[in-house]
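In what follows, a single structure is set out as structure tokens and then discussed.
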Amino acid sequence: MRRLALVNAGELVTCSGGGDPPGLDAIEDGALLAVGGRVAWVGTTKEFRRKGIKVDAVADAHGRLVTPGFVDPHTHLAFAGSREDELERKARGETYSSILRSGGGILRTTRETRRASLRSIAAQSGDRLGQLVRNGVTTVEVKTGYGGDLAGEVKLLRAIRLLGRGGGIDVEATFMGLHATPAGFSAAEYLRYVLGKVLPAISAMQDKPRFSDCFCERGVFTAAECSKYLQASRKAGLALKVHADEFSDSGGASLAAEMGCVSADHLGKSDAEGLREMGKRNVTAVLLPMTSSYSGIGFADAKGIAAAGCTLALGTDLSPNSWVESPQLVMGLACTALRMTPAEALLAFTAGAAKALRRDDVGNLRVGSKADFVIHSLPNHRFLPYRVGGRYVEAVFKEGRRLALNEAS
């Protein structure tokens, strides 16, 4: 089996649960050995050299920061078209909800995605995926939701599968059956259509998605409607997620706890009791601060959510509404607006994000985990949210192999 040695990491952050700051397990002058794409040993470069292990390749960090590959647990990157004009409309005073009611937002992207070919969607989405990889992402979740009917949702799942085969990283697919109500339906009618036709077909696919998600929000889908959908999804063998309380307290956090969801995402308006119930049921809280910024709404209370017992994760929420491709930028906003520490932000984009996908083999550099790591042209983890806006990813490794980063794209 192929052996790769990483040496001379000024700071090797393994995100393995211990150390100071808590959880980071940072090693000065760090090194690791990857065998067959998995981490086989972690320590210092001096210790590694004493072992005299023969390897097939060496990655020299030259004193730079090394972290686990970022895990992006919440994206909508599979779509066609764009909505750049809606940013201007929001700047002039329109809200996300009013744009949606006028036929824009999700409904607009659904129309454009349904018109696009599978090849076109895969090509556009592949470009976005490539940007995430260049910014250090080695595992990503991608949702459907812009299909609007069975044929559209199947097309999106096929596009996501193509991304998984050609993108060079792990791609986790999520079926988002309740995203917005298409024209010609009421919310109740669309729910019946999804439960009667779409969900059964999706769950019968040979390569069906792992997760099922829905948008629990006032004026979109109620907690009662989402509850029916999630119950049916669970019976179909899908793990559960929910977009919860983004614009109002819609009961999403309580629903996530009641249904035993893997994660609840957004949580900008969740009530304290719902968050406490999430903490008791081990529901991961995925926070998306760039989306709050783009939509002009309040930020989630990261410290209060953590105090309620929830593991925190961060995601880009890359979508036509918030076209964000940089985990580092999200971490910067998490530190300035959510008052997370740099260590907390990094853990939320690695180990915490992996938990939101029920993965323990990524988001850390423990022995046995995938050898997914990033060499940053930065001296330590505190620079990740501090120096933003440039290209600070030096190299990305997936299962011990360096990925080609096409900087021209």
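We did not get these values from a lab; they are worked out from the coordinates using the rules stated. Given the structure is predicted, the values throughout are model-derived calculations rather than measurements. Because the Cβ atoms are built from the backbone with ideal geometry, glycine has one as well, and the counts that use them run over all protein chains shown.
Of the beta bridges in the chain, as assigned by DSSP with both residues counted there, near 45 percent are antiparallel. Determine the alpha carbon to alpha carbon distance for each of LYS143/LYS355; LYS197/LYS280; LYS208/LYS241 and list only those over 24 Å. Pairs exceeding 24 Å: LYS197/LYS280.
In loop segments of the stretch 302-409 as defined by DSSP, the trypsin sites (Lys or Arg not before Pro) with at most 12 further C-beta atoms inside 10 Å of their C-beta are ARG339, ARG391. For the stretch 141-191, what log10 I(q)/I(0) values come out of the Debye formula at q = 0.14 1/Å, with one point per alpha carbon and no solvent? Each listed q corresponds, in turn, to -0.39.
Rounded to the nearest 20 debye, the dipole magnitude of the stretch 59-102 is 160 debye, with +1 charges on Lys and Arg beta carbons, -1 on Asp and Glu beta carbons, and the Cα centre as origin. Kindly provide the helix-only [θ] at 222 nm of the chain, computed as the sum of -39,500 (n - 2.57) over DSSP H runs of four or more divided by all residues, to the nearest 500 deg cm²/dmol? Counting only the DSSP helices, I get -10000 deg cm²/dmol. Normalise the Debye intensity by I(0) for the stretch 35-175, one equal point scatterer per Cα, no solvent, then take log10 at q = 0.11, 0.17, 0.18, 0.22 Å⁻¹ and round to two decimals. At q = 0.11, 0.17, 0.18, 0.22 Å⁻¹ the computed log10 ratios are -0.57, -0.97, -1.04, -1.32. For the stretch 177-284, the equivalent ellipsoid derived from the alpha-carbon gyration tensor has semi-axes of 23, 17, 9 Å in decreasing order. How far, in degrees from 0 to 90, does helix 150-166 lean away from the longest principal axis of the Cα atoms of the chain, to the nearest 10? The two axes meet at around 10 degrees.
What number comes out for the charge environment of ARG83, summing +1 per Lys or Arg and -1 per Asp or Glu over other residues with Cβ under 11 Å away?
Working: positive: ARG89, LYS90, ARG108; negative: GLU84, ASP85, GLU86, GLU88, GLU112.
Residues near ARG83 contribute -2 overall.
Normalise the Debye intensity by I(0) for the stretch 109-171, one equal point scatterer per Cα, no solvent, then take log10 at q = 0.11, 0.24 Å⁻¹ and round to two decimals. Debye intensities relative to I(0), on a log10 scale: -0.23, -0.97. Note on the chain: with a GNM built from Cα contacts shorter than 10 Å, the maximum mean-square fluctuation among GLY390, GLY19, GLY352 falls on GLY390.
Averaging over all projection directions, the Cα-based convex hull of the stretch 329-382 occupies 4.2 nm² in the image plane. Using alpha carbon coordinates only, what is the Rg to Rh ratio of the stretch 271-409, with Rh defined as the Kirkwood radius? Ratio value, two decimals: 0.98. Loop-located GluC sites (Glu not before Pro) in the stretch 301-409 (DSSP state not H, G, I, E or B) with no more than 16 neighbouring Cβ atoms inside 10 Å: GLU407. Going by alpha carbons, how many degrees (0 to 90, nearest 10) lie between the helix axis of 118-134 and the longest principal axis of the chain? In the chain, helix 118-134 runs at an angle near 40 degrees to the longest axis. Give me the angle, in degrees from 0 to 90, between the Cα long axis of helix 106-115 and the longest principal axis of the Cα atoms of the chain, rounded to the nearest 10. For helix 106-115, the angle is close to 80 degrees.
Size of the stretch 1-65: Rg and Dmax of its alpha carbons, in Å, are 11.6, 35.
When the P(r) is computed for the stretch 70-355, the part past 32 Å accounts for 15% of the Cα-Cα pairs.
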